[in-house]
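The values are calculated or read from the model by the stated rules, or taken from the named source; none is laboratory data. Please read these numbers as outputs of a predicted model, since none were measured by experiment. Because the Cβ atoms are built from the backbone with ideal geometry, glycine has one as well, and the counts that use them run over all protein chains shown. Side chains are part of the model used for accessible areas, which takes the heavy atoms of the whole protein and leaves out ligands, DNA and RNA. Shrake-Rupley method; radii C 1.70, N 1.55, O 1.52, S 1.80 Å.
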Amino acid sequence: MRLTNRLSIQSKLMLMLLFVSMGSIVLIAYLGYSSGRSALRTTIENGLTSIRATKAYQIESYFENTRAETKTLSEDLMVVDAMRDFRQAYPELTGKNIAVSQLSNLRDFYRELFIPALATNSGGSPNTETYLPVPTSARYLQYHYIASNPNPPDRKEILDAAKDGSQYSAVHGRFHVRFRNIVRELGYYDMFLIDADTGNIIYTVEKEVDYGTNLYVGPYANSNLAKVFETALEGDRGFVTLTDFAPYRPSYGQPAAFIASPIYDGAQLIGVLAFQISTDEINRVMTSNQNWPQVGLGQTGETYLVGADYRLRSDARLLIEDPTEYLEILQATGADPADIELIEQGSTSILQQEVRSPGMTAAIEERQTGLEIAKGYRGEPVLRAYERLDTQNINLAIVSEITRAEAFAPIDAFARRVLISMAGLVLAITLLSIWLANKFLKPIRILSQGFQKLSEGEINAHVKIDSKDEFGELGSAFNKMIQTIKKSTHRAEAKNKENEALLQSILPSAIAQRLKSGEQNIADRFQNVTILFCDFIRFKDLARTLEPEAAIALLNEIVTSFDSAVERHGIEKVKTNGSEYMAVGGMLIPCLDHAKRIVDFAIEILRIIHRIDREHDIGLKCRIGIHTGEVIAGIVGQHKFAYDLWGEAVSIAHGVQANGDWNAIVVTRPVRDRLIDIYECDEAGNLELKGQTVPIWTVKI
């Protein structure tokens, strides 16, 4: 305080301008940044949630279509005929002899092609004899359709039929082309026909090393294909079962999932149709054909599936885009070296990369949907949207995520723009404050000199201020002050009487008397009053079309009619704001039936509005809201007084009016309860006002 007393007016004025302007800038910038940040964050989160929901729908549709296709094909007559014919032809193969050279050829295929590829993808040192089939039928089929098949290892399905003259190959030749086309067209990896009685895989499209083997005994008895086969045997016609992804050794240890359905020939269960689901198709859906930026995932966003073991069921984006960087990040973030090695060898993160977070636990174990910020596999925080999928008997969660840095980059850029704008405005306002302080100070100095002369007794002191603004007017007033001092005294007395009369007209009588007696801070609490808000339409439209005098005359007619009605009903007018009229009952004029008086007044308002509308034909309507409750009332302002009401009851009454129907009286429960024996009310539903539910009724007139 002492420091400000020592400052000149120029310095104080400059500091005032700076503080007010800078305070306003900071407040506006903060509010703008907060609202902008909130809006941007909501947009970002909604976008990520939308992508997750879209992918969830696509993947659920994929599994649903897969079930439908499997069920339909298991009942297709072609599949039933194929199953029957393969079953009849397969036993012939048990009596076929396989030459030593043919067996050697088959063993070489396992030793030189299958075993090295399996060891690369699954680790360890698998043994050839462990996987070489024992039954003659399996060895026979694998020699003719795999080992001696001239096509590349991954294209063995090209061979339509072996030229061995067997009945089996004749059946194979009839059906293979059709089944191969089904697999290609529907996007499956492989198709199996499995004998229901023996468990033999009597047909496959891809011709991998499970071809001809048995699912009850042998190296694949514990595979997920064996599990889905056994489950399918327990189902009726049309039953479909699905397994989760797991390493499948006939596919060189790559992840595989299977879907199966029983095949019935009439009432007899003869086999099982199974499809091996392609991870390529899953990845195609989850990566949007590797078009992440086009679907709104930017440079780091992705969607993927997570199983009940918290491991991926689709490939990570970075593995597809930059395998080297992906592996380096996994090493840097402390991933299991064994998992990293398998990912590198198999070129897939399915079943290898682990994703754990509170959100993943909520999705997988509690079937929750939500958003979280968690640490991603890249080693940096990610914004993650998660959801549990509806995939029958497989526990899968779908995730869409993007690094927090990229997700919130627009917010950071917005913050930088706000700070730069603030700095520029502060500099500009500082310079402007200096100039304005000097500009404003000059007339003040001149006036100060004039008052100094006046204080010294120079009644004829004269000041010269050339400006036409308030300072110029102040100079002219100063020059006239001496000559008009007596007139001013009389005028002040007259003005005092006029102000007293005006005070009586704008304030309630009791309040005006209290103010006149010298009471300054007038504020009261009223426990139980009834508040009415009325808003009428068409005046704003008329104000644009009528002459000002006509528009004001119409408004004055309406308000004057309302004021007269207020006096008749023994209630009090609070204020008029444009086309909005506020009245209260039971406050300064004590009465027990203030709710009834207010409703009676509201009914008269409707009659007034109807009469004026009928006279002028202007489509005049109004909305009326009434509520009873506690308010605080008092005077605000020191020179221009206003008597007003505050409180939750005022807000509710205003909200009821703003949401009511035109030409209707809408009341809340406290008003309805007071008038239940006087007026009949119809329920009008509930209003949500500032976080609370307010039941409302319409008074029948």
How much length is gained if the chain between Gln520 and Thr361 is pulled fully straight, taking 0.36 nm per residue apart and subtracting their Cα-Cα distance, in nm to one decimal? 50.9 nm
With contacts defined as alpha carbon pairs under 8 Å and 6 or more residues apart, what's the relative contact order of segment 204-265 in percent? 30 percent
Starting from the residue with the highest accessible area, list Arg313, Arg417 in decreasing order, probe 1.4 Å. Arg417, Arg313
Under a 5 Å amide H to amide H cut-off, with H placed in plane at 1.01 Å, what residues pair with Ser349 once short-range neighbours are removed? Ala316
Rank these by accessible area, largest first, 1.4 Å probe: Lys516, Lys156. Lys516, Lys156
Mind giving me the nanometre distance, one decimal, between the label points for Arg669 and Ala413, set 7 Å out from Cα along Cα→Cβ? 5.1 nm
Answer check: segment 63-178, Cα atoms, Kirkwood Rh, Rg/Rh ratio of 1.03
Evaluate the charge dipole of segment 189-341 about its Cα centre and quote only its size in Debye, nearest 20, assuming +1 on the Cβ of each Lys and Arg and -1 on the Cβ of each Asp and Glu. 280 debye
Nitroxide proxy distance, nm - points 7 Å out along Cα→Cβ at Ala39 and Phe19: 3.3 nm
Distance check, please: which entries in Lys55/Lys156; Lys464/Lys516; Lys207/Lys227; Lys227/Lys375 exceed 32 angstrom between their Cα atoms? Lys55/Lys156; Lys464/Lys516; Lys227/Lys375
At a probe radius of 1.4 Å, what is the per-residue accessible area of Trp435, in Å² to the nearest 10? 150 Å²
Would you please give the residues with an amide H less than 5 Å from that of Leu215, counting only those at least 5 places away or on a separate chain, with H modeled from the backbone geometry? Asn200, Ile201
On the full set of protein chains, 1.4 Å probe, figure out the accessible area of Thr693 and give it in Å² to the nearest 10. 80 Å²
Nonlocal amide H pairs with Lys575, under 5 Å, H built at 1.01 Å: Met582
Simple spin-label estimate for Asp197 and Asn577 in nanometres, 7 Å along Cα-Cβ: 9.0 nm
If DNA, RNA and ligands are ignored and the probe is 1.4 Å, what is the ranking of Lys464, Lys690, Lys207 by accessible area, most exposed first? Lys690, Lys464, Lys207
Given a Förster distance of 41 angstrom, what is the FRET efficiency for Phe239 paired with Leu689, based on the Cβ-Cβ distance and rounded to 0.05? 0.15
Residue-wise HN-Hα coupling along segment 277-284, computed from phi with Karplus coefficients 6.51, -1.76, 1.60 (Hz; x: Gly, Pro): 6, 7, 5, 5, 5, 4, 5, 4
Can you work out ³J(HN,Hα) from phi for every residue in segment 51-66, in order, using Karplus 6.51 cos²θ - 1.76 cosθ + 1.60 and θ = phi - 60°, giving whole Hz and x for Gly and Pro? 4, 4, 5, 5, 5, 4, 4, 5, 6, 5, 5, 4, 5, 5, 5, 4
Per-residue ³J(HN,Hα) for segment 191-198, Karplus 6.51 cos²θ - 1.76 cosθ + 1.60, θ = phi - 60°, Hz, x for Gly and Pro: 10, 10, 10, 10, 5, 5, 7, 9
Which of the listed residues, Asn556, Thr668, Ile605, is farthest toward the dipole's positive end in segment 524-670, when Lys, Arg count +1 and Asp, Glu count -1 at the beta-carbon? Thr668
Stretched fully, the stretch from Val134 through Asp265 gains (0.36 nm per residue minus C-alpha distance, one decimal, in nm) 44.2 nm
Given Cα pairs under 8 Å that are at least 6 residues apart, what percent is the relative contact order of segment 102-248? 16 percent
